[in-house]
Amino acid sequence: MPETGNIAALAEYVSHDLFAQFFWGTAGSWNQNWPCENDRHKPRKTHPSDVVFYYDEPYRLRRTYLNCDLKSYATGSVTPGAILTAIDNLAASLACMEISDTWRRMYAHDGYSPFLCGLLFVYNHDGEYDKDFEHVLSALNPEEIAIPKGSHIVILGPQQIQWLDNVRYEMVYMRGTKELPDAVHCRFGYPHLVRKKKVQVEVAKAATIEMLTGPWITLEYDAVDGKKPGFLIFYNGRGASTEEFLYLIDYLMHYQMLHPGTEIRVRTLEPDSNAAAFFERAIKEYIENCDGGAEIAALLSAIDYRRSEERRVGKECRSR
């Protein structure tokens, strides 16, 4: 059954506000059950969809649907056993989604090629979880999980949700202070790749699940009210070495994101105490080693690097 009660509603509240800022849509109704299609899943008679999110892929003519299981746990309840049970149930749902006409009628859109994915959203509602969630996942035995071949299940743990919610908060705050234009003038940035072109330029504005779980999130924005266009990059790392930032600079250079008249801003949430110094050192090292001369040096030196202020999502939402 879908999660119920006030505590479960917190996970709904957080996920809805969170993914809306990343331009994910919701399909169908929340908290619905639909018939099981596989006799091997007995004694299950139905599968739940707490919520189904969707977005259009930038490099493929398809729409990704994420059947989401929203879990709202207290700190002591985030255990390998609880996570394994949740993954097993989500895997069974995913296997039936692929063959269920009922699920498609309830959630899929006509005229789109669907790609189905499972998303386990592990929200810590008391805001006290300070362990490494990867240790919980490493205790699981992948052989015990029957994920359909070619399908994906993504698990967002408490720290990842905390990180993403701080990115969300920063974007909302910067729009309020007019440091960012309104959402209609923004999109999450995907460069043209050597072997893959961005085939859905107009509609694929959302951050994919791969971007949200990657090393950084890139938001591109237009020139509005006389301000420059640019890129806002949320870096999901500590910045504990020069090499970390050299990798980021390589990304900016490789995809030709540095231009006169385009601003680049980098934000980190929980940086190393020396991260700012490492960033400056990486800029100087790159300038010394590149052949771009004074123009490239000026563009790299103009990158605005700052720390974002952390906020604890669990405690704030609990009081609403």
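The values are calculated or read from the model by the stated rules, or taken from the named source; none is laboratory data. Given the structure is predicted, the values throughout are model-derived calculations rather than measurements. Don't worry about glycine lacking a Cβ; one is built from the backbone with ideal geometry, like all the others, and counts go over all protein chains shown. Please note that ligands, DNA and RNA were not included when accessible areas were found on the heavy atoms of the full protein model with its side chains. Shrake-Rupley method; radii C 1.70, N 1.55, O 1.52, S 1.80 Å.
Ignoring everything but the protein chains, give the 1.4 Å probe accessible area of residue 184 in square angstrom, nearest 10.
Using a 1.4 Å probe on the heavy atoms, I get roughly 110 Å².
Restricting to region 47-153, compute how many DSSP beta bridges are antiparallel as a %, nearest 5.
The antiparallel proportion sits near 30 percent.
Work out the length of the dipole vector of region 62-127 about its Cα centre, built from +1 on the beta-carbon of each Lys and Arg and -1 on the beta-carbon of each Asp and Glu, and round it to the nearest 20 debye.
180
Which one of 283, 116, 154 is farthest out on the positive end of the charge dipole of the chain, using unit charges on Cβ (Lys, Arg +1; Asp, Glu -1) and the Cα centre as origin?
Comparing the listed Cα positions along the dipole, 116 ranks first.
Kindly express, to the nearest 10 degrees and within the range 0 to 90, the angle between helix 275-289's C-alpha long axis and the longest C-alpha principal axis of the chain.
60
Please report, for the Cα atoms of region 109-189, the Rg to one decimal and the Dmax as a whole number; what are they, in angstrom?
17.6, 50
Calculate for the chain the 222 nm mean residue ellipticity that helices alone would give, adding -39,500 (n - 2.57) per DSSP H run of length 4 or more and normalising by residue count, nearest 500 deg cm²/dmol.
Dividing the helical sum by the residues of the chain leaves -11000 deg cm²/dmol.
As I understand it, the value is the acute angle between the Cα axis of helix 242-254 and the longest principal axis of the Cα atoms of the chain; what does it come to in degrees, rounded to 10?
90
Would you please put 101-110, 16-25 in order of how densely packed they are, using the mean number of other Cβ atoms within 10 angstrom per residue and starting with the highest?
16-25, 101-110
Per residue of region 212-226, what does 6.51 cos²θ - 1.76 cosθ + 1.60 with θ = phi - 60° give for ³J(HN,Hα)? Whole Hz please, x for Gly and Pro, Karplus curve as stated.
These are the phi-based 3J(HN,Hα) values: 5, 9, x, x, 7, 10, 10, 9, 9, 9, 7, 6, 9, 6, x Hz.
Please go through the residue pairs 178/284; 178/227; 149/205 and name each one whose alpha carbons sit more than 20 Å apart in this structure.
178/284; 149/205
At a 10 angstrom cut-off on C-beta neighbours, averaged per residue, how do the peptides 135-147, 79-91, 114-126 rank from highest to lowest?
Peptide ranking by packing, descending: 114-126, 79-91, 135-147.
About its Cα centre, how strong a charge dipole does the chain have in debye, to the nearest 20, once Lys and Arg get +1 and Asp and Glu get -1 at the Cβ?
That gives a dipole near 740 debye.
Counting Lys and Arg as +1 and Asp and Glu as -1, each charge on the Cβ, what is the dipole of region 75-169 about the Cα centre in debye, to the nearest 20?
Using Cβ point charges on Lys, Arg, Asp and Glu, region 75-169 gives about 320 debye.
At 1.4 Å probe size, put 60, 168, 40 in order of accessible surface, largest to smallest.
40, 60, 168
Give me, ordered by chain and number, the residues 5 or more places off residue 239 or on other chains with an amide H under 5 Å from its own placed amide H.
Under 5 Å from the amide H of residue 239: 272.
Tabulate in residue order the Karplus-calculated ³J(HN,Hα) for region 74-85, using 6.51 cos²θ - 1.76 cosθ + 1.60 with θ = phi - 60°, rounded to whole Hz; enter x for Gly and Pro.
Values, residue by residue: 6, 4, x, 8, 7, 10, x, x, 5, 5, 4, 4 Hz.
Antiparallel versus total DSSP beta bridges in the chain: what percent is that, nearest 5?
So the antiparallel bridges in the chain amount to around 45 percent.
Students often check this: by mean Cβ neighbours within 10 Å, which of 245-252, 155-162 ranks highest, and how do the rest follow?
Per-residue Cβ counts within 10 Å, averaged per peptide and sorted highest first, yield 155-162, 245-252.
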